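The structure appears below as structure tokens.
Quick note: the coordinates plus some simple rules give every number you see, no bench work behind them. From a predicted model like this one, the values you see are computed outputs, not experimental measurements. Quick reminder, even Gly has a Cβ in these numbers, built from the backbone with ideal geometry, and neighbours come from all protein chains shown.
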């Protein structure tokens, strides 16, 4: 366990065990005045395969009837200060994010490098990265704070949050094109926030989405189309693996090999459909429909927090697995996505527009647009929600959040979203799970 130096702190209680159980006992028997409780515990790192549990200490400060909570993996040295002051000193000294009931928490960004560019995560907890709650300059990994905050105010411990991230592909063709893949469980929606003018001068980018109906019509039956597509992918995969092997050996391909790769890639891609998108467009990705965001098109993505996919093809070396899943995927994939629905308008007032971006079984996403100085009152929803500012400035409880900043709103939060005065209109995306346990 972590070794603390607490001899100078007579008002600090120190225990070991389940932090929420010990907190309940401490609160039930607490006396008057400010008090401070430390609980050493062990947290399984469920997001890392075969990882050892991490040793942590929960900090609970009761002051003026308010409970504040933090957690750390560092040893604490008492300064002999009063409980509230001691708690504040530890939070600052060790860079922790402190939680208090009913208050929003910022979500710090975690950048995950990809062969096609990068992803910027805000709520992910998995082997590839762990995002953090943030307050001021302090940050704490999401699963750490979830494990010690009572009544699931930050979401249920061990249950992933709706995954919020940004897909930011490189602007170069091919190099910035994502995997052509499908999902069987993971629901996702894209909101286009930027189309690189160097890649798409007219402002219209693309998403590879399903297959070209004109090509499908060339075949007597769907099965014949599937087989022809599979053969085209297999031909391309052969040359792709040859080039990847040569690159691994430090050998440059010959001109004929480069040309062959281009010809076979074009032949394979001609089966697919390029769906046009512009800034502000929304694309809900249906299950089992192959898709691939194209270079230079940045999107905000909300998705079911599961890691599963089948890769049909990729114009680079796949780093996360040693095979493509085309043979299996081609039999179950849906060839075409249904038309994208017009977004329902949930509310429209002077200077305010609230739309429903997507309505999935496990979560929904809304888009709020506020003119400068306008606001929207929000009542407790009984479930947490995630907010990302796309444009403008969000004024929230005296703090200001700009483009690209994200927030976690606890289930008991009430307040208002306000657009800063004398500023561009505020556009934010707002995701809510379907139940408090999601």
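For the range 303-400, report the translational diffusion coefficient in µm²/s to the nearest whole number, using Stokes-Einstein at 25 °C, 0.890 mPa s, and a Kirkwood Rh over Cα pairs.
Reported coefficient: 137 µm²/s.
Arranged from highest to lowest average of other beta-carbon atoms within 10 Å per residue, in what order do the peptides 297-307, 38-48 appear?
Details: 297-307: 21.3, 38-48: 17.7.
Ranked from most to least packed, the peptides come out as 297-307, 38-48.
Go through 216-223, 418-425 and give me the packing order, highest mean Cβ count within 10 Å leading.
Answer by packing, highest mean first, reads 418-425, 216-223.
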Centre separation in Å (Cα based) which lies between the range 273-343 and the range 84-152: 29
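Could you give the length gained on full extension between residue 204 and residue 362, defined as 0.36 nm per residue of separation minus the Cα-Cα distance, in nm?
53.8 nm
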Rounded, prolate or oblate (a/c below 1.5 giving rounded, otherwise prolate when a/b exceeds b/c) for the chain by Cα gyration tensor: prolate
- prompt: Expressed in nm², what is the orientationally averaged projection area of the convex hull enclosing the Cα positions of the range 97-188?
  reply: 7.4
- prompt: Given labels modelled 7 Å from the Cα in the Cβ direction, how far is it in nm from residue 319 to residue 255?
  reply: 3.2
- line: Nearest 10, in degrees from 0 to 90: the angle of helix 83-93 to the longest Cα principal axis of the chain is 30
message: Could you tell me the center-to-center distance, by alpha carbons, between the range 201-249 and the range 357-430 in angstrom?
response: 40
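Rounded to the nearest 0.05, what FRET efficiency do residue 235 and residue 336 have when you use their Cβ-Cβ distance and R0 = 35 Å? Walk me through the intermediate numbers first.
Details: r = 23 Å, r/R0 = 0.67.
About 0.90, to the nearest 0.05.
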- line: Taking Cα atoms, the helix 255-269 axis meets the longest principal axis of the chain at an angle in degrees (rounded to 10) of 80
- line: Taking Cα atoms, the helix 222-248 axis meets the longest principal axis of the chain at an angle in degrees (rounded to 10) of 70
query: Where a ≥ b ≥ c are the square roots of the eigenvalues of the C-alpha gyration tensor, would you call the range 163-332 rounded, which needs a/c under 1.5, or, failing that, prolate if a/b is larger than b/c, or oblate?
result: rounded
- request: Would you work out if the range 274-320 is rounded, prolate or oblate? Take a ≥ b ≥ c from the square roots of the eigenvalues of the alpha-carbon gyration tensor; rounded if a/c is under 1.5, else prolate when a/b is larger than b/c, oblate otherwise.
  value: oblate
- line: Whole-number value, in Å³ per residue, for the convex hull of the alpha carbons of the range 345-433 is 85
field: Computed [θ] at 222 nm, deg cm²/dmol, the chain (DSSP H ≥ 4; -39,500 (n - 2.57); rounded to nearest 500)
entry: -5500 deg cm²/dmol
statement: When 320, 393 are arranged by how many other beta-carbons sit within 10 Å of their Cβ, fewest first, they go 320, 393
statement: Fewest to most Cβ atoms within 10 Å: 1, 62, 246, 96 sort as 1, 246, 62, 96
- line: Share of Cα-Cα pairs in the range 12-152 beyond 20 Å, whole percent, is 49
